[in-house]
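Report on the structure given below.
The values are calculated or read from the model by the stated rules, or taken from the named source; none is laboratory data. Since the model is a prediction, treat every value here as computed from it, not as a measurement. Counting neighbours? That spans all protein chains shown, and the Cβs are built from the backbone with ideal geometry, glycine included.
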Amino acid sequence: MAFSRTCFRCGTRWPEGEPPRFHDRCAGCGQFLHSCRHCRAFEWDGRRGVCISPTADPPRDAMAQNWCDEFDFVGAGSEKPDLRGSTPEKGTGRDAFKKLFGD
């Protein structure tokens, strides 16, 4: 299986081929790549990260190295975008409201 992922912290690209092993770090910033933050089952709940896997332990530190057997590397820029700090386009909510309910 080919991987084309990047570090969530600095954007350094992970080489194509195998997913990161337990001790692998980003070449650009030193961040552990085998961490909850890079896993497909990790999501933000508004204030902190949570693991949505029903069989994995909740993350204590989402950026730290972990030993989870369910780790599935996705990295930044994958199908699961990081929405922290993003802002919607100006007026989109108001426009949708007007469209739905009228002026």
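R37 meets each of the listed conditions (1) at pLDDT 75 or above; (2) in a helix (DSSP H, G or I); (3) surrounded by fewer than 18 Cβ atoms within 10 Å (Cβ to Cβ); (4) not small (G, A, S) apart from (3). Closer than 15 Å to F71 by Cβ, of a type in the set (K, R) and without any contact (Cβ under 8 Å) to a residue 40 or more places away in the chain: is that true of R37 in this structure? Here the answer is yes, as R37 does meet what is asked.
Residues in the range 15-34 that are more than 14 Å from the chain's Cα centre (by Cα) and at pLDDT 85 or above: P20, R21, F22, H23, D24, R25, C26, A27, G28, C29, G30. Every residue in the range 1-24 that is within 15 Å of Q65 (Cα to Cα) and either surrounded by 15 or more Cβ atoms within 10 Å (Cβ to Cβ) or aliphatic (A, V, I, L, M) (or both), please. Residues satisfying the conditions are C7, F8, R9, P19, P20, D24.
Of all residues in the range 4-26, which are under 12 Å from H38 (Cα atoms) and of a type in the set (V, I, T)? The one that is under 12 Å from H38 (Cα atoms) and of a type in the set (V, I, T): T6.
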